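One structure below.
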Amino acid sequence: MATASPTIAPPTVRQTQCFIGGQWVPAQSGKTFDTINPATEEPIAQVAEGDAADVNLAVEAARNALENGEWSRIDARDRGALMHRLADLMEEELDELAALESLDNGKPISDAKAADLPLAIDCLRYYAGYADKLHGQTIPIRGNYFTYTRREPVGVVGQIIPWNFPILMAAWKWGPALAAGCTIVMKPAEQTPLTCLRMGRLAQKAGIPDGVINIIPGYGPTAGASLVKHPGVDKIAFTGEYLTAQIIMSDASQTLKRLTFELGGKSPNIVFADADLEAAAAGSHFALYFNQGQCCCAGSRLFVEESIHDEFVERLIAMNQSRKLGDPLDPATEQGPQVDQAQFDKILKYIDIGNNEGAQCVSGGARWGEQGYYIEPTLFTGVTDEMKIATDEIFGPVLSVLKFKDVGEVIDRANNTPYGLAAAVWTRDIGKAHHVAAKVKAGTVWINCYDVFDAAAPFGGFKMSGMGRELGERGLDAYLESKTVTVALD
Ligand code: ADP
């Protein structure tokens with residue numbers, strides 16, 4: 001690979017087995033699968049390939065921990081303290097975890113250190129503070145009764161996460177689940193199991209009791225589907241594609257599980273002529289190219305007001321040209337490879353489609369280098385609303401620029417999608433900014449910024465971008481049942 005010398009040595013892989021009831025065990029079938037380094041296309045390690053048999057054991061361990069183990073008796077405040085301890089251990093091991101994430105996923109180490117790890121640690125700490133603050137209510141009802149509600153853990157939760165932010169997605173899911181007192185069976189994505197397994201080890205070191213967190217690496221249709229169908233699992237939290245969510249919804253219908261989904265998007269990013277164009281260009285570039293374009297909320301439909309279109313595109317092209325692609329473990333690298341061959345092929349196919357649809361590829365448009373799943377930062381202009389590159393989630397470094405003339409028009413076009421995860425608006429006109437924020441159908445709207453995440457700010461989708469919210473106080477809702485207790489006072 002043509003890059004500067006890698007300055008960080010690849011980390012040691014320590015955990016590759018299933019984590020069930022506090023034990024590290026091979027899959028019952030004895031099968032393993034390779035996890036691949038996307039920068040070299042070579043295997044990093046062989047990981048246990050869990051399936052239904054392993055999921056059964058993990059659910060049993062989680063149920064036992066929930067109902068009989070130390071976790072069922074622990075004081076809520078002590079539960080919070082254990083979560084803080086896990087966050088502390090992650091912070092102590094931040095460099096190594098970031099390097100492992102970078103190795104397995106291909107993301108630049110500098111991004112993993114600056115974004116994934118701090119956000120994950122912050123999320124665990126944020127929810128640790130909630131563990132002892134989950135109050136019910138006292139409710140005046142008719143008659144001589146005393147009525148109160150209890151907020152109880154929903155039970156054993158199955159959590160299925162994707163490969164684009166493996167550590168962060170694990171933290172988003174563990175945080176509210178642990179605070180609520182649930183127990184967990186997690187299935188990490190088959191492309192990126194390593195950091196989740198490492199977090200399992202840190203949870204164990206932190207003193208989180210055996211069986212509270214169980215991890216089954218493996219594939220979606222086997223390990224994932226068994227978790228979804230298992231009658232001993234009370235809730236599924238899933239992040240991934242809407243097509244997978246549809247399968248999960250159908251599989252979960254037999255047991256009527258509680259479901260939360262955080263799915264994809266084709267998020268509109270709207271730049272008005274009166275915006276701070278330098279900030280808007282930098283923000284729009286970041287909105288799409290961050291994490292190799294592999295963000296569910298990527299600002300992949302960039303609407304630019306006609307009068308500034310050409311100047312704005314020039315700024316974007318210049319940023320693409322100076323973007324540094326290379327070894328993810330090199331701290332100077334800004335863009336790494338896509339996660340795997342399948343994503344790489346899919347993105348190149350969309351670039352072909354864009355060219356064939358008549359859009360103009362004004363930057364990038366091809367593979368970068370000869371080894372690894374690298375794709376040049378790619379920019380299409382002349383994109384119209386019905387083109388597939390404007391409607392489909394590409395999940396790669398491919399930005400579509402669309403021109404618009406006025407506010408009403410751009411709001412209608414922004415909303416003309418089955419998705420509704422995020423949106424952004426860039427303008428100095430405060431009234432216009434809030435008008436767009438109110439009208440756009442999306443779970444998150446950023447004004448003069450993009451991708452600002454915080455553990456306290458709820459995140460999730462309208463329409464086909466999801467169900468329920470993660471983060472913030474609302475992120476706890478799906479992990480709690482409400483129980484009404486009424487006492488006769490006579
Ligand atoms: P992506 O295209 O981003 O990989 P997926 O929705 O396919 O998105 O994958 C997200 C997660 O869902 C992964 O952990 C994957 O293994 C899992 N998954 C895929 N198919 C299923 C399924 N049928 N049931 C449960 N989980 C699944």
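Side notes on the structure shown:
- Heavy-atom accessible surface of region 232-318: percent carbon and sulfur, 1.4 Å: 54
- Take every pair of alpha-carbon atoms less than 8 Å apart whose residues are at least six positions apart; their mean separation over the length of the chain yields a relative contact order of 19 percent.
- For the listed residue pairs LYS187/LYS229; LYS31/LYS187; LYS403/LYS463; LYS266/LYS346; LYS257/LYS463, the alpha carbons are over 18 angstrom apart in LYS403/LYS463; LYS257/LYS463.
- The distance from the alpha carbon centre of region 412-447 to that of region 207-232 is 37 Å, rounded to a whole number.
- Size descriptor for region 340-396, Kirkwood hydrodynamic radius: 11.6 Å (Cα pairs only, one decimal).
- Dipole of the chain [Lys/Arg +1, Asp/Glu -1 at C-beta], most positive-end residue of THR333, PHE238, PHE380: PHE238
- Column: log10 I(q)/I(0), Debye, Cα scatterers of region 334-477, q = 0.18 Å⁻¹: -1.18
- Carbon + sulfur, % of accessible area of region 1-78 - ligands and nucleic acids excluded, 1.4 Å: 45
- Of the GluC sites (Glu not before Pro) in region 304-410, the ones in a loop by DSSP (not H, G, I, E or B) with at most 14 other beta carbons within 10 Å are GLU370, GLU386.
- Listed by chain and number, the aspartates and glutamates placed with their C-alpha closer than 12 angstrom to that of LYS441 are ASP412; residues fewer than eight positions away on the same chain are left out.
- Largest to smallest principal axis extent of the C-alpha atoms in region 1-116, angstrom: 56, 38, 17
- Relative contact order of region 396-490, taken over Cα pairs closer than 8 Å and 6 or more residues apart, is 22 percent.
- Phi-derived couplings, Karplus 6.51 cos²θ - 1.76 cosθ + 1.60 at θ = phi - 60°, listed residue by residue for region 208-216: 5, x, 3, x, 6, 10, 10, 10, 10 Hz, with x used for Gly and Pro.
- Length-normalised contact order of region 57-127 in % [C-alpha pairs under 8 Å, at least 6 apart]: 31
- Using 0.36 nm per residue and subtracting the Cα-Cα separation, the extra length available between GLU409 and LYS432 on full extension is 7.0 nm.
- For the chain, the convex hull spanned by the alpha carbon atoms encloses 148 Å³ per residue.
- Grouping the Cα pair distances of region 49-204 into 10 Å bins from zero gives a pair-distance distribution of 11, 36, 31, 15, 5, 2, 0 percent in increasing distance order.
- Filtered trypsin sites (Lys or Arg not before Pro), region 102-165: DSSP coil and at most 11 other beta carbons within 10 Å: ARG142
- Fraction of accessible area attributable to carbon and sulfur, region 322-423 (%, probe 1.4 Å): 47
- Region 227-286: translational diffusion in µm²/s, Stokes-Einstein, Kirkwood Rh over Cα pairs, 4 °C, 1.567 mPa s: 91
- Of the trypsin sites (Lys or Arg not before Pro) found in region 393-490, those in coil by DSSP whose Cβ has at most 10 other Cβ atoms within 10 Å are LYS405.
- With the cut-off at under 16 Å, measuring from each backbone N in region 173-187 to a point 7 Å along the Cα-to-Cβ line of ASP132 picks out 179-181.
- Aspartates and glutamates whose Cα lies under 14 Å from that of LYS432, excluding same-chain neighbours fewer than 8 positions away: ASP274, GLU305, ASP406, GLU409
The values are calculated or read from the model by the stated rules, or taken from the named source; none is laboratory data. What you are looking at is a predicted structure, and each value in this text was computed from that prediction instead of being measured. Because the Cβ atoms are built from the backbone with ideal geometry, glycine has one as well, and the counts that use them run over all protein chains shown. Areas reflect the complete protein model, heavy atoms only, side chains present, ligands, DNA and RNA absent. Shrake-Rupley method; radii C 1.70, N 1.55, O 1.52, S 1.80 Å.
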